[in-house]
1. Just to be sure before I move on: is V53 part of a helix (DSSP H, G or I), among the β-branched types (V, I, T) and touching a strand residue (DSSP E or B) at 6+ places or on another chain (Cβ under 7 Å) in the structure I sent?
2. Just the residues that are hydroxyl-bearing (S, T, Y) and surrounded by fewer than 18 Cβ atoms within 10 Å (Cβ to Cβ), please, taken from the stretch 150-186.
3. Just to be sure I understand the filter: pairs with C-beta atoms under 8 Å, separated by 6 or more residues or on different chains, first member in the stretch 284-298 and more than 21 Å from R239 (Cβ to Cβ) and among the aromatic types (F, W, Y), second member at pLDDT below 95 and not in a loop (DSSP other than H, G, I, E, B). Which pairs pass?
4. Restrict the check to the stretch 116-139 and report whether at least one residue is assigned by TED's automatic domain parsing to the domain that holds L186, crowded, with 17+ Cβ neighbours inside 10 Å, closer than 20 Å to R35 by Cβ and of a type outside the set (G, A, S).
5. Whether any residue in the stretch 8-25 is in the same structural domain as S159 (by TED's automatic domain parsing), part of a strand (DSSP E or B) and touching a His at 6+ places or on another chain (Cβ under 9 Å) is what I want to check.
6. Do you know which residues across the stretch 155-167 are under 16 Å from V117 (Cβ atoms) and either of a type in the set (A, V, I, L, M, F, W, C) or free of Cβ contacts under 8 Å to residues at least 60 places away in the same chain (or both)?
7. For the stretch 60-73, enumerate the residues that are surrounded by fewer than 18 Cβ atoms within 10 Å (Cβ to Cβ) and out of contact with any strand residue (DSSP E or B) (no Cβ under 8 Å at 6 or more places or on another chain).
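The values are calculated or read from the model by the stated rules, or taken from the named source; none is laboratory data. Bear in mind that the values here come from a model prediction, so they are computed numbers and not experimental data. Counting neighbours? That spans all protein chains shown, and the Cβs are built from the backbone with ideal geometry, glycine included.
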Amino acid sequence: MTPTISLIVPTQRRPAGLETALRSLVAQSGVDPARLELIVADNDAVPSARAFVEALEAPFPVRYVHEPRPGVANVRNAALAVACGEIIAFLDDDEEAPASWLAELLAARQALDVDVVFGPVRGRAPQGVRHRAYLEDFFSRHGPDQTQVLDSWYGCGNSLIRRAALPHPTAPFDPSRNASGGEDDLLFARMAAAGARFGWSRAAFVWEDPVPSRLTLAYALRRAFAYGQGPSEHCAEHRDIPGILRWMIAGLVQTALWIPVVAIKWALFAPDRAMPLDRLMRGLGKTFWFPPFSQTFYGKAA
């Protein structure tokens, strides 16, 4: 039987996280293994994950793809280029899926009759990490309290996509986002413009275990700044000058509102002092979205 569901895990030099992610996929229940295939796309300059992936025991085919060209869009497209499935399920290499994860995503897609389904992400950080509550929330994905149709979208990690709804079946991710990220946001925006429908599965959650280098306030705030840049960058890509101005003004207002809150919270050494700083950085990102303020998170070769 030809697989109808392709499980895709992009990875780059995260052997421990990759092992956790793959073992959680091998343990999926409630879905006929004959319908499944697993594709691991390695974005390391050398095929460092090949040995582990090829030795993985699974009740369905496992395929290893080496994409040496650095970039988050490149590695996702490389996986899709060899995928056979009519349905694509993405899991990141720092995520762990409960055994019912895939079955819950499929059930939500059928019940809601949508093209893309997203699920919650629960961030986990070790005891003793500074600003742990903020960081766990930062790396989490929150959504509705019930399974329902959405009028917006989330990121690609922990998602299920109907392949026929993609703008291109094998290379839908824009390489212009290789270094900055946001390739998934751009894809889903284009799909929405083409009439795609999005849904949320309350029960299809995964855990996320960020690598230690990301579990810092400095990294999270830099990402928050980049998230703020997203709307302004999107308008710039479409040469929407009024839209750029609206977002820049909104960013200035947001920054002005949060500056006194940040000052008070940090002066009092409040336990939740990282949160208003996050909001402040997002406001700054809306205003300072252009070079030399562009951020790079992906696309670095080993």
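1. In short, yes.
2. Result: S152, T170, S176.
3. Filtered contacts from the stretch 284-298: F297/R223; F297/A226; Y298/V72.
4. Within the stretch 116-139, one or more residues are assigned by TED's automatic domain parsing to the domain that holds L186, crowded, with 17+ Cβ neighbours inside 10 Å, closer than 20 Å to R35 by Cβ and of a type outside the set (G, A, S).
5. No, the stretch 8-25 contains no residue that is in the same structural domain as S159 (by TED's automatic domain parsing), part of a strand (DSSP E or B) and touching a His at 6+ places or on another chain (Cβ under 9 Å).
6. G155, C156, L160, I161, A164, A165, L166
7. P68, R69
Yes or no, residue by residue, for (1) in a loop (DSSP other than H, G, I, E, B); (2) touching a residue at least 60 places away in the same chain (Cβ under 8 Å); (3) in contact with a strand residue (DSSP E or B) (Cβ under 8 Å, 6 or more places away or on another chain):
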| residue | (1), (2), (3) |
| --- | --- |
| R122 | no, yes, yes |
| R130 | yes, yes, no |
| Y134 | no, yes, no |
| W153 | yes, no, yes |
